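Enquirer: Quick one: the structure is below, and I'll ask about it shortly.
Rule-based calculations on the coordinates, nothing more; no lab input. What you see is a predicted model; the values in this text were computed from it and never measured. All Cβ positions, even for glycine, are placed from backbone atoms using ideal geometry, and neighbour counts span all protein chains on display.
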């Protein structure tokens, strides 16, 4: 989560959601087992999956959030993240997760130069009802890097297009 001094200007609903997310993050305990004897690459992959799990478990105040976060983080195909999410969205067992999934898939698509499809999913994320996801989607939709064809050589594109949690 961003530090409080960087989030003071958020709209009231987003600030309230962020405060609750910070409390859930403070109580977070991963359900993913620690890899024993893992190589540095395997440990990095595990850490990335735990970051994804933490993000979902912290964002959503839902009784199944921790379980679904662990399952999603473990199953996610990190090499084809956007298409994996698109497949999942077709038959999503937890509709409350859709805004997050649309945010991540839309972001990935923008970073891959799929501007129209990415903006469509970011719009769905923005309109999905979660205050923090709305703010993140609006930032990406309003980003000059993503207004037209994405430029992977731009320093802004590199910052916006780093791996997602």
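Enquirer: Could you rank the peptides 31-44, 48-61 by their average count of other C-beta atoms within 10 Å per residue, with the highest value first? All intermediate terms of the calculation are to be shown ahead of the outcome.
Expert: Numbers: 31-44: 10.3, 48-61: 20.9.
Answer by packing, highest mean first, reads 48-61, 31-44.
Enquirer: Just from its helices, what would the mean residue ellipticity at 222 nm be for the chain, if runs of 4 or more DSSP H residues each count -39500 (n - 2.57) and the sum is divided by every residue, rounded to the nearest 500 deg cm²/dmol?
Expert: Per the formula, -19000 deg cm²/dmol.
Enquirer: Using label points projected 7 Å from each Cα along Cα→Cβ, tell me how many nm separate residue 89 and residue 67, to one decimal.
Expert: Here the answer is 2.6 nm between the modelled labels.
Enquirer: Continuing with this model, one more query. Order these by the 10 Å Cβ neighbour count, fewest first: 21, 143.
Expert: 143, 21
Enquirer: Ranking 16, 109 by Cβ neighbours within 10 Å, fewest first, what do you get? If you can, show how the numbers build up before the last one.
Expert: Values: 16 13, 109 25.
Ranking 16, 109 by Cβ neighbours within 10 Å, fewest first, gives 16, 109.
Enquirer: At a threshold of 8 angstrom on Cα-Cα distance, excluding pairs fewer than six apart, so keeping six or more, what relative contact order does the chain reach in percent?
Expert: 18 percent
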